[in-house]
């Protein structure tokens, strides 16, 4: 069966566009590790600003990756839940983590 390289390239570019930002994958990882409230997510990602996290979450909500739930409590409680679609990215993140660990070991051994 012949591979459609143009289609593969489009799919790869779509994936890279999705993960292209510095913060998208760490936010997804944080959500998939159980952080639901804005401050929990923010604290779990060193270096991310409040403004950037807000932007990422809004973008992820627009792209059907997270669901924003507002509870009318005092004070109002907002939680973010990764969608089942978002969770499909979990295997890719785990493979990236594994590759990163292996790569770090190889680089350190070469010195």
(request) Considering only residues that are touching a strand residue (DSSP E or B) at 6+ places or on another chain (Cβ under 8 Å) and crowded, with 18+ Cβ neighbours inside 10 Å, look in the stretch 11-32 and name the one that is nearest to residue 89 (Cα to Cα). (result) 28
(request) Evaluate the stretch 50-58: report whether one residue or more is more than 12 Å from the chain's Cα centre (by Cα), surrounded by fewer than 11 Cβ atoms within 10 Å (Cβ to Cβ), modelled with pLDDT of 95 or more and under 15 Å from residue 23 (Cα atoms). (result) yes
(message) If the requirement is being closer than 21 Å to residue 30 by Cα and outside any helix (DSSP H, G or I), which of these qualifies: 96, 69?
(response) 69
(message) Just to check your reading of the model, which residue among 82, 46 is touching a strand residue (DSSP E or B) at 6+ places or on another chain (Cβ under 9 Å) and either within 15 Å of residue 25 (Cα to Cα) or surrounded by 14 or more Cβ atoms within 10 Å (Cβ to Cβ) (or both)?
(response) 82
(message) Being in a helix (DSSP H, G or I), out of contact with any helix residue (DSSP H, G or I) (no Cβ under 8 Å at 6 or more places or on another chain) and either closer than 18 Å to residue 87 by Cα or in contact (Cβ under 8 Å) with a residue 60 or more places away in the chain (or both) is the filter here; which residues of the stretch 27-50 pass it?
(response) none
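The values are calculated or read from the model by the stated rules, or taken from the named source; none is laboratory data. Small disclaimer: the values here were computed from a predicted structure and weren't measured. Reconstructed Cβ throughout: ideal geometry from the backbone, glycine too, with neighbour counts over all protein chains shown.
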